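Mind having a look at this structure? Questions to follow.
The values are calculated or read from the model by the stated rules, or taken from the named source; none is laboratory data. Remember, it's a predicted structure, so these values are computed and weren't measured experimentally. Quick reminder, even Gly has a Cβ in these numbers, built from the backbone with ideal geometry, and neighbours come from all protein chains shown. For the accessible areas, the whole protein counts, side chains as well, though only heavy atoms, and no ligand, DNA or RNA atoms are used. Shrake-Rupley method; radii C 1.70, N 1.55, O 1.52, S 1.80 Å.
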Amino acid sequence: GEDVEQSLFLSVREGDSSVINCTYTDSSSTYLYWYKQEPGAGLQLLTYIFSNMDMKQDQRLTVLLNKKDKHLSLRIADTQTGDSAIYFCAESSGGYNKLIFGAGTRLAVHP
Amino acid sequence: NAGVTQTPKFQVLKTGQSMTLQCAQDMNHEYMSWYRQDPGMGLRLIHYSVGAGITDQGEVPNGYNVSRSTTEDFPLRLLSAAPSQTSVYFCASSYPTGTGRIEAFFGQGTRLTVV
């Protein structure tokens with residue numbers, strides 16, 4: 001079945017780069033997404049990548065997709081304290097509009 | 001521009017009580033979903049709807065009912081609350097972009113504790 005996995009916790013120093021990793025099992029995934037959840041808030045879409053792309057860059061965010069290994073990563077350059085949040089990887093494979101989420105990676109940024 | 005509105009934000013229930021979590025969207029989206037968020041387990045789909053009058057079960061539907069009488073509203077009912085239903089509940093509305101990409105919008109969540 002469909003499954004999305006992420007490591008649960010990442011700690012980085014302010015100013016360093018953060019890399020959050022995700023693996024998925026559904027080879028028919030058409031889009032993969034990164035959502036951000038700040039404390040006490042809902043999820044907000046950060047970025048997404050189409051499955052036939054290898055990379056997408058959006059300001060400080062870089063998404064890398066290795067479709068062969070079903071591996072997705074999110075790199076945040078120059079990580080700031082405001083980046084502290086939970087980051088969810090998700091995938092969709094068309095159909096009714098169904099998103100499958102990973103468990104979320106809690107990013108802690110320290111001085 | 002309200003987006004997706006969930007009420008209440010917090011709720012404490014006693015085991016066996018029933019209640020309804022409200023969700024309303026003002027974007028005229030056909031698709032709406034309910035998720036629960038538990039530590040280390042991410043978001044799991046409870047029920048979803050592809051339009052008024054049409055609902056279906058997600059990954060973890062037991063103990064929950066839904067209905068969709070209007071496009072705007074998608075309430076989630078807990079029939080007899082159990083401690084295992086202690087969680088944060090998120091409602092989302094979404095629409096198909098025509099390319100296979102999902103554009104989803106989430107509410108702020110309802111934190112439910114069952115004692």
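Give me the accessible area buried between chains A and B, both sides summed, with a 1.4 Å probe, in Å² rounded to the nearest 100. Don't skip to the answer; put the middle values down first.
Working: alone 6210 and 6240 Å², together 10600 Å².
So the total buried area for this chain pair works out to about 1800 Å².
Still on this structure, I have one more. Can you tell me the equivalent ellipsoid semi-axes for the protein assembly as shown? Use √(5λ) from the Cα gyration tensor, largest first, whole Å. List each step's numbers first, then the result.
Details: eigenvalues 175, 86, 48 Å².
For the protein assembly as shown, the semi-axes come out at 30, 21, 15 Å.
How large is log10 I(q)/I(0) at q = 0.14, 0.17, 0.18, 0.21 Å⁻¹ when the Debye formula is applied to the Cα atoms of the range A:29-111, each weighted equally and without solvent?
Each listed q maps to, in turn, -0.48, -0.70, -0.78, -1.02.
Looking at chain B, identify the longest residue range that excludes and avoids all trypsin sites (Lys or Arg not before Pro) in DSSP loops having at most 13 other Cβ atoms within 10 Å. It would help to have the intermediate numbers written out before the result.
Details: sites that count: B:LYS9, B:LYS14.
After excluding every exposed loop site, the longest remaining stretch is B:15-115.
Something else about it: If I stretch the segment between B:THR15 and B:VAL50 completely, what's the gain in nm (0.36 nm per residue apart, minus their alpha carbon distance), one decimal? Mind dumping the intermediate values first?
Details: separation 35, 0.36 × 35 = 12.60 nm, distance 3.14 nm.
Gain in length upon complete extension: 9.5 nm.
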